[in-house]
Amino acid sequence: MDNKKIIKNLKNLRSLEAAGAPRELWLLSNRETLMSQIKPAPAPEYQAAKTDGVYYWQYFSGLFKQKVLQPAVSFISILMLMLTYTAMASVASASLPGDMLYPVKATGEKVSIALTFENDKKLELQMNFVGRRVDELTQLAKKDETTEVKARKISLAVKKLTQDVQSVKDNLDKISVKPEDSKVVEVAKVIDSKTLEVEQNIALVHQQLPEEVKGEVAQDVQKAISTAEEAGTSALGVIVENHNSGENKVSESEVTSRVAERIKNVEQNIAQVQLSALQVSTTTV
Amino acid sequence: MKNPLAQKILFLKVKNQDPDAYGQFYDLYVKRIYRFIFFKVNSVSDTQDITSEVFLKVWQYLKEGKEVKNLNAFVYLIARNSVVDFFRARQRQAENLQTDGLPEVADKNQDLLGRQILESDLNSTLKGLNNLKDEYREIIVLRFLDELSISEIAEVLNKSKGSVRILLHRALKALKDNVSH
């Protein structure tokens, strides 16, 4: 017997007592019994029975609340949150280390990095943020504040800068396992050039600080410069390896000029250290 | 009641303890609940008693102001629980009416036409149905005798629509096998 036949038979069973069809007489008598049990005494005149209109209103208002009002409230809440965050982020973008909204800015940057999936793009973004750190440092240096406050904020800014540069170096080390990759080389070039600028800018800002503040932040500044130097050296290493691998993404003249620039920078740093040491010894004498 | 909006309004009225609406609700559900119980207890008199009890219990539950989210599923739940209570209370051995496929008839006014029809190939279908396991029989009755939709069956059995379709497919297959043998 096929499905069609079986289903047809099942439907034909419907009206049979043998297949659970109740008797009409019983249905009616049972209904009467039930109604006599559930119907209350006649209602007093002043109690008006609910009209159908009330039930329709109840149904549609419930539907409206469920399908329109609740989603609308959720949407508006989310919109308000987003607007509030955007407004805060906009104000926070101008904040400097030590300001109340600076953590909002820092969080926003972390989110941007997290949402960037390609490693070379991530590194580029991180280097942009390092550039921001240098700008923040420059702005802080120009601000008119007490020695104590200025030293504290500059120290914060320099430490943040060091942290960001270290992140760049760590990420570069991760992706430089494939120095032949053209994207890796391109980003290494950017890091090499920018870290040189970062070192020079940090040194310049430090020189322009009041003496009292200079002394307070000297150690942090030195650490920042050496971290930038390490990052730059790593980047240069990637460039040189690429050249040596024969991939020819970098010409020999470019390699030579970058290495020369790096050596010059190191020599300047050494000279600066020697000068600082001399100044310290002169002062103590 | 094919109009879903009208049904929803009726259910709202029932939940608001409107006796006349409950009467309409009884008319809508009594045959399905009766059949649902009948295939579990296989006795007309017991089915009548339990069915009456179910509708009274549902009304009493509503009267106590307790919330019922899904009236359709709720009335089947009460029916199922009432059957369980029945077997517990009576502690009776299930009459093996399934061996001959013919249920008990409460009094002498038997459905003579029905008996004649039973001797035709509908009998094999009914026998096959009674020989199914409870789960399969239940879903076949709900779908093809009571004509509930898949969604409604899913509510009653507290399963997903996908599970209901699979169960129905298996039940129909099992019924086919029973009928062929």
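Below are the figures for this structure:
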{"item": "Which listed residue, of A:LEU204, A:LEU137, A:LEU156, is in contact with a Pro (Cβ under 7 Å, 6 or more places away or on another chain), closer than 28 Å to A:LEU101 by Cβ and at pLDDT 85 or above", "result": "A:LEU156"}
{"item": "Index of the failed condition, A:SER253 passing every other in (1) touching a His at 6+ places or on another chain (Cβ under 8 Å); (2) open to solvent by 80 Å² or more (accessible area, probe 1.4 Å)", "result": "(1)"}
{"item": "Failed condition for B:PHE144, given (1) more than 7 Å from chain A (Cβ to nearest Cβ); (2) modelled with pLDDT of 55 or more", "result": "(1)"}
{"item": "From the options A:LYS189, A:LYS142, residue that is touching a helix residue (DSSP H, G or I) at 6+ places or on another chain (Cβ under 9 Å) and exposed (fewer than 15 other Cβ atoms within 10 Å of the Cβ)", "result": "A:LYS142"}
{"item": "Where a residue in the stretch A:1-22 is more than 7 Å from chain B (Cβ to nearest Cβ) and open to solvent by 70 Å² or more (accessible area, probe 1.4 Å) and its partner, wherever it lies, is among the hydroxyl-bearing types (Ser, Thr, Tyr) and part of a helix (DSSP H, G or I), with Cβ under 8 Å and at least six apart", "result": "none"}
{"item": "Check on A:LYS169, surrounded by 14 or more Cβ atoms within 10 Å (Cβ to Cβ), under 35 Å from the mean Cα position of the chain (by Cα) and at pLDDT 85 or above", "result": "yes"}
{"item": "Any chance B:LYS15 is touching a residue at least 60 places away in the same chain (Cβ under 8 Å), open to solvent by 10 Å² or more (accessible area, probe 1.4 Å), more than 7 Å from chain A (Cβ to nearest Cβ) and not aromatic (Phe, Trp, Tyr)", "result": "no"}
{"item": "Inter-residue pairs, beta-carbon under 8 Å, first closer than 21 Å to B:LEU148 by Cα and facing chain A (nearest Cβ under 8 Å) and in the stretch B:29-46, second among the polar types (S, T, N, Q) and open to solvent by 10 Å² or more (accessible area, probe 1.4 Å), 6+ apart", "result": "B:VAL30/A:ASN30; B:TYR34/B:GLN48"}
{"item": "Complete set of residues in the stretch A:192-225 that are of a type in the set (Lys, Arg) and open to solvent by 60 Å² or more (accessible area, probe 1.4 Å)", "result": "A:LYS194, A:LYS223"}
{"item": "Output for the stretch B:35-86, where each listed residue is open to solvent by 30 Å² or more (accessible area, probe 1.4 Å), more than 22 Å from A:LYS39 (Cα to Cα) and assigned to a loop (DSSP other than H, G, I, E, B)", "result": "B:LYS69, B:ASN70"}
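The values are calculated or read from the model by the stated rules, or taken from the named source; none is laboratory data. Keep in mind it's a predicted model, so treat the numbers as computed, not measured. Heads up, the Cβs are rebuilt from the backbone with ideal geometry, glycines too, and the neighbour counts pull from every protein chain shown. The area values use the complete protein model at the heavy-atom level, side chains included, leaving out ligands, DNA and RNA. Shrake-Rupley method; radii C 1.70, N 1.55, O 1.52, S 1.80 Å.
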